[in-house]
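Quick notes on the structure that follows.
None of the figures in this text is laboratory data; all of them are computed from the coordinates on show. Computed from a predicted structure; not experimentally measured. Note that each Cβ is placed from the backbone with ideal geometry, even for glycine, and that neighbours are counted across all protein chains shown.
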Amino acid sequence: MASLDGIRVLWVDDAPEGLVSIVARVRSLGAEVVLVRTNDEALEALAAGPFDVVVSDIHRPGEEPGTELGLRMWASGFRAPVVHFVASVEPDQPPPVGSVGVTSDEARLLELIHRAGGRRPA
């Protein structure tokens, strides 16, 4: 796997305790990872500092879904690419607006972070 050195990742998930191993893997490849639980927290983090890529879940019981994050980011002027990391992918499900990929596979997630993180947002 290619290095993720210097890539700043904002990770949005309502249950980050389930991400311990994959977040550790992303960090071990050199990325800086900031974890938040909601879209509102994500927008606050984006306003505080630049991120190269945003990783988000989609389903959040009782919260605004991750599918809305890309729309809210664009409306707020944030252009970082969004990768959706989910428990399962429906074969005919189109990616959410603003998403550069949807995956449930950790290897594919790392590839998407690497590829998306190479495009530095303005």
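Net charge dipole, the range 1-116: roughly 360 debye, given to the nearest 20, about the Cα centre with Cβ charges of +1 for Lys and Arg and -1 for Asp and Glu.
The residue list Pro94, Leu19, Gly49 was ranked by how far each Cα lies along the charge dipole of the chain toward its positive end, using unit charges on Cβ atoms, and Gly49 comes out on top. To the nearest µm²/s, what D does Stokes-Einstein give for the chain at 20 °C and 1.002 mPa s, using the Kirkwood radius over alpha carbon pairs as Rh? D = 152 µm²/s. A simple charge model with +1 on the Cβ of Lys and Arg, -1 on the Cβ of Asp and Glu and nothing else charged puts the dipole of the range 2-54 at about 220 debye relative to its Cα centre.
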